[in-house]
Amino acid sequence: MQPVHLELTSVDMEFPTPKGPFCALKNVNLKIDKGEFISLIGHSGCGKSTVLNIVAGLYEATRGGVLLDGREVRGPGPERAVVFQNHSLLPWLTVWQNVELAVDTVFKRTKSKAEKKEWIEHNLNLVHMDHAMDKRPAEISGGMKQRVGIARALAMEPEVLLMDEPFGALDALTRAHLQDSLMEIQATLKNTVIMVTHDVDEAVLLSDRIVMMSNGPAADVGEISHVDLERPRDRLVLADKPEYNHFRHQVLRFLYEKQVKVETIPAAAPATESENVDADSEDKTTDRVA
Amino acid sequence: MTASTGTKALPTPTKPSALSTWISENSGAAIRAVLLPLTGIFFFLILWSASASHIVTSLGKFPGPADVATQAMTLLQEHRDERAKANAFYERQEARNADRVAKDPSYTPKFRQYTGKPTFIDQIFTSLYTVLMGFFLASLIAIPLGIVIGLSEKLYAAANPLIQLFKPVSPLAWLPLVTMVVSALYVSENPTFEKSFVTSVITVMLCSLWPTVLNTAVGVSAISPDLLNVSRVLRLGWFTHVWKIVLPSAMPMIFTGLRLSLGVAWMVLIAAEMLAQNPGLGKFVWDEFQNGSSNSLARIMTAVLVIGAVGYLLDRAMLGLLRTVSWDKSASTR
């Protein structure tokens with residue numbers, strides 16, 4: 001059996017708060033093979049982004065750790081490129097310069113000037129952004145910014161591509177468009193990808209495996225679903241297939257039956273409205289029951 | 001009643017001319033841009049001339065707008081006369097030298113500088129030169145200091161009380177100290193700069209440092225955590241991080257600070273020049289005050305208006321610069 005590409009071993013994460021440490025993750029274990037597309041799904045606040053940040057090295061796990069090709073992850077690095085939710089492009093640089101900064105940093109000595117130029121263009125072509133290379137982030141749409149964010153991450157030639165709700169801030173049509181683009185890119189590059197999402201369809205459409213996380217605090221991996229749908233996948237064809245709906249239901253059942261999200265009401269909020277107790281009392285009881 | 005007056009009373013709906021259309025479409029903007037400021041100035045002039053005639057000082061009546069306009073013209077004329085004199089002096093000198101060289105080829109001609117007193121116009125430029133020098137030195141210290149402080153919360157906490165302590169200090173309080181220190185340390189046989197100039201520049205610098213330091217520090221510390229994460233993922237070195245991420249990100253704030261600093265510098269300079277006796281607008285005002293002629297008040301008032309106008313132009317120039325360098329077009333540009 002070949003060695004595991006990326007491995008999370010009994011990862012705990014605690015955040016210090018004024019009221020003592022808050023345990024976000026407890027005993028998270030995950031093994032990921034090379035070229036696998038993994039989705040992390042769960043209710044908001046379950047710590048799926050925390051897992052991603054630990055793999056990225058932006059957070060340091062309180063206990064346990066991450067091994068990439070047998071080496072321990074210590075701090076962030078371009079071999080674990082991150083696509084951030086809100087694109088995080090440098091607003092004073094053009095699209096081209098944003099990618100250039102990454103390419104110049106990662107391939108400082110290994111690529112010649114001409115090679116770097118070609119590589120920047122190649123990556124912008126890949127995300128279909130070659131027509132707006134001289135535009136600044138403020139001049140392009142949200143979907144385009146996210147494309148550039150992906151191009152910048154891909155240009156680092158990462159071992160693992162980490163995506164933190166990459167399409168979460170986009171409208172449904174743009175999102176579908178970008179998902180198709182991502183599948184297309186993934187078919188050629190065969191990167192290892194970890195994507196955080198809260199969109200069930202997105203997870204089923206894109207992933208090889210869906211990692212469903214239990215609710216926090218002290219969240220861990222609840223279930224893992226192997227999505228062995230044939231590739232290339234077409235969202236229109238899949239929509240009618242029973243296998244596709246099987247995976248959808250599996251994730252939905254986990255999220256809405258096994259891990260019902262209880263919205264906790266902040267303690268201070270009702271107290272301030274103590275005068276209106278009569279009017280509000282009904283709402284409060286229903287909230288508590290839910 | 002004739003037909004023409006009838007149409008005036010009841011205008012027939014004709015097609016409006018291009019000009020009137022333009023005026024009606026842009027009337028709001030036009031009024032705001034031209035008419036309202038002009039109205040403001042008009043009422044100020046009326047109020048000024050009305051109250052000026054009632055104020056009688058030991059140097060005569062307080063000058064009204066007309067007196068000031070006359071003195072402004074006089075000052076301009078004095079400048080032209082002085083220039084003409086200087087040119088005449090140089091012409092004479094040249095002719096004399098040419099004459100002597102013609103008679104005796106071995107003679108090396110001597111050139112002397114014209115030593116007339118600086119005119120009002122000269123003093124405006126001296127003041128500008130001094131203020132820009134002080135402002136430049138202040139920026140040279142303030143921007144790096146602000147960056148270093150902004151990058152580290154601990155350094156910021158350590159430096160903040162000192163900044164708050166020195167920020168409100170008046171230039172008049174610094175000046176005696178600066179004068180003494182400059183006299184003690186700036187000793188040279190053939191000084192490049194006058195001592196009074198150095199004193200003014202340093203005082204301007206000390207007072208105009210703070211807005212830039214504070215704004216730079218705030219701009220640097222307010223950098224978006226997402227951009228910091230980008231920098232971390234790319235493993236940028238300290239210098240690259242500051243140069244490529246921190247500095248451009250803080251640029252709008254830095255320039256806001258610089259703009260405030262230049263305003264402070266100009267205000268401080270006039271006071272510094274008065275006391276340090278550095279040639280410039282401050283000294284002009286002081287000399288006119290000491291002179292005490294019947295024209296003095298009008299000449300001082302002219303200087304006041306010029307000081308205001310120069311300050312305004314400096315501020316506009318900084319704003320223009322801020323707009324060109326700032327990537328954040330939503331940043332305050334008023």
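The values are calculated or read from the model by the stated rules, or taken from the named source; none is laboratory data. Just so it is clear, the model here is predicted, and its values are computed rather than measured. Positions of Cβ are backbone-derived with ideal geometry, glycine not excepted, and every protein chain shown enters the neighbour counts.
Brief remarks follow.
- Criterion violated by residue A:118 - all others in (1) touching a residue at least 24 places away in the same chain (Cβ under 8 Å); (2) in a helix (DSSP H, G or I); (3) over 23 Å from the mean Cα position of the chain (by Cα) satisfied: (1)
- Condition check for residue A:4: closer than 22 Å to residue A:193 by Cβ and modelled with pLDDT of 90 or more: no
- Residue within the stretch B:219-238 that is more than 17 Å from residue B:135 (Cα to Cα), among the hydroxyl-bearing types (Ser, Thr, Tyr) and free of Cβ contacts under 8 Å to residues at least 40 places away in the same chain present: yes
- In a residue-by-residue description of the stretch B:202-220, the property of being within 14 Å of another protein chain (Cβ to nearest Cβ), surrounded by 20 or more Cβ atoms within 10 Å (Cβ to Cβ) and either within 24 Å of the chain's Cα centre (by Cα) or not in a loop (DSSP other than H, G, I, E, B) (or both) applies to at least one position.
- Residue identified as away from chain A (no Cβ under 14 Å), farther than 25 Å from residue B:262 by Cβ and more than 30 Å from the chain's Cα centre (by Cα) among B:183, B:224, B:152: B:152
- Residues within the stretch B:248-267 that are at the interface with chain A (Cβ under 10 Å from one of its Cβ atoms) and hydroxyl-bearing (Ser, Thr, Tyr), tallied: 1
- Complete set of residues in the stretch B:227-247 that are β-branched (Val, Ile, Thr) and either more than 10 Å from every other protein chain (Cβ to nearest Cβ) or crowded, with 18+ Cβ neighbours inside 10 Å (or both): B:230, B:233, B:242, B:245, B:246
- The residues on offer are A:214, A:181, and the sole one that is in contact with a strand residue (DSSP E or B) (Cβ under 9 Å, 6 or more places away or on another chain) and hydroxyl-bearing (Ser, Thr, Tyr) is A:214.
- Looking only at the stretch A:68-84, residues that are within 7 Å of chain B (Cβ to nearest Cβ) and in contact (Cβ under 8 Å) with a residue 60 or more places away in the chain come to 4 in all.
- Residue count for the stretch A:133-170, restricted to those that are outside any helix (DSSP H, G or I) and free of Cβ contacts under 8 Å to residues at least 24 places away in the same chain: 0
- Only a single item in (1) surrounded by 18 or more Cβ atoms within 10 Å (Cβ to Cβ); (2) at positive phi; (3) away from chain B (no Cβ under 11 Å) is not met by residue A:87, and it is number (3).
- Out of B:64, B:60, B:134, one residue alone is surrounded by 11 or more Cβ atoms within 10 Å (Cβ to Cβ) and on the phi > 0 side of the Ramachandran plot. It is B:60.
- Selection within the stretch A:98-152 - among the polar types (S, T, N, Q) and within 12 Å of another protein chain (Cβ to nearest Cβ): A:98, A:105
- When the residues of the stretch A:51-67 are filtered to those that are surrounded by 14 or more Cβ atoms within 10 Å (Cβ to Cβ) and more than 14 Å from chain B (Cβ to nearest Cβ), the one that is farthest from residue A:191 (Cα to Cα) is A:62.
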